[in-house]
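Okay, structure first, notes after.
Where a number appears in this text, it was derived from the coordinates with a stated rule and is not lab data. Being a predicted model, the structure only gives us computed values, none of them experimental. Ideal geometry is used to build each Cβ from the backbone, glycine not excepted, and the neighbour counts take in all protein chains shown.
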Amino acid sequence: MNKMMNAAIAYEFGKPLVVESIPVPDVPSGMILVKLVACGVCHSDLHAVNGDWPIKPKLPLIPGHEGVGIVESVGEGVIGIKEGDRVGVPWLYKACGKCEYCLSGWETLCEQQLNTGYSVDGCYAQYIIADPNYVAHLPANLGFFEAASILCAGLTVYKGIKETEVKSGDWIVISGVGGLGHLAIQYAKAMGIRVIALDIHEEQLELAKSLKADIVINVAKEDPIKKIKTAISGAHGVLVTAVSPNSFSQGVDMLRRKGVMVLVGLPSGKFELSIFDTVLNRKTVRGSIVGTRMDLIESLDFAARGLVTVHYTKDKLENINNIFSAMKSNKITGRIIIAL
Ligand SMILES: [Zn+2]
Ligand SMILES: [Zn+2]
């Protein structure tokens, strides 16, 4: 008889999750069983359970890819990780390790990859089976709740900032000060980059100010393009974490010549790109998806050194459907972390 665990399960797209008791899975050889302590709630989880994206997740599905916990047991043949180790289970559940992307340190682009809480069951549960080669090892001085959202939100924006190619002293626009944006501001500042934070909510802009954003703009009240062009002649980089499609075309207009805009938010839809502006001003528009295992080590290290702090509220697994509703109406400041 297997031990039982609570899990939140999506049975149909667009329907509320069902929290129920299911058996704890057995550990296959080469894998580990992690007893989860916490899991952050990511906007992508909402997209997953709504079936919003062109590639659909498995059903039924346990969502969640910001899970942190303790290794409970290790399968046969596992080396380099032991019972009691503190680990995190990120979006990149596993990759092939053999393709051109894996071999060149771009495992996040592996076509054979599996994704936690999407193509395999995720971390809205008390236990998860994970791949020892793809889990994060949590720094000793970083708490579980402090680490959880670094696994996706922190990692995503850290990599996204690197992908803008901005340097210390340059200007970056962080569009959207939500779960991703509030971390992006901190990473950018820690990297010596000057920050312009954009949002439509005063509360979020107050948070941006408290995180030492150099300029904050309420885009519902002021024209951000005009203000950025006037104040600094355009930004070197733009990181779009906002989910309104409008932020994407606006972002390109905020760039100075040779600027790079990086997209990390994932609303469905398209945006218009002026060919003339892109060519003449040598602008780059680039997508970025989470980050590699090396990026994850680096992004956790910023948090362990106290340079990046996740603003979070603890919640319960049973409350997941209310959390999703609040997320849909943009009522969440910072991040929600579920205690498991
Ligand atoms: Zn995520
Ligand atoms: Zn691969």
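Kirkwood hydrodynamic radius of the stretch 153-287, from the reciprocal of the average inverse Cα-Cα distance over all distinct pairs: 14.3 Å. Under the combined filter of DSSP loop state and at most 15 neighbouring Cβ atoms within 10 Å, the stretch 272-301 retains these trypsin sites (Lys or Arg not before Pro): 282.
Is the stretch 244-340 best put as rounded, prolate or oblate by its Cα gyration tensor, with a ≥ b ≥ c the root eigenvalues, rounded for a/c under 1.5, and otherwise prolate when a/b is larger than b/c, oblate when not?
Working: a/c = 2.96, a/b = 1.61, b/c = 1.84.
Oblate.
A viscosity of 1.567 mPa s and a temperature of 4 °C, combined with the Kirkwood radius over C-alpha pairs in the Stokes-Einstein formula, give the chain a diffusion coefficient of 64 µm²/s.
With Cβ to Cβ distances under 11 Å as the rule, what net charge do the other residues near residue 281 carry (K, R +1; D, E -1)?
+3
Applying a threshold of 32 Å to the alpha-carbon distances of 3/162; 82/328; 94/316; 189/283 flags 3/162; 82/328 as lying beyond it. Of all the options 184, 326, 197, the one that moves most in a Gaussian network model of the chain with Cα springs shorter than 10 angstrom is 326. Comparing mean-square fluctuations of 273, 300, 138 from a GNM of the chain with C-alpha springs under 10 Å, the top value falls on 273.
Sites listed here are GluC sites (Glu not before Pro) in the stretch 18-117 whose DSSP assignment is loop and whose Cβ has at most 10 other Cβ atoms within 10 Å: 76, 111.
Within the shell defined by Cβ-Cβ distances under 15 Å, the residues around residue 17 carry a net charge of -2, with Lys and Arg each +1 and Asp and Glu each -1.
Can you give the local net charge around residue 258? Use residues other than it whose beta-carbon is closer than 14 angstrom to its beta-carbon, Lys and Arg +1, Asp and Glu -1.
+3
Here the mean projected area of the convex hull built on the C-alpha positions of the stretch 28-95 is 5.4 nm². For the stretch 167-199 versus the stretch 75-133, the spacing of their alpha-carbon centroids is 29 Å. Here the stretch 1-148 is assigned +1 on the Cβ of each Lys and Arg and -1 on the Cβ of each Asp and Glu. Its dipole about the Cα centre then comes out at about 100 debye.
Beta bridges per DSSP, both residues in the chain: antiparallel share near 50 percent.
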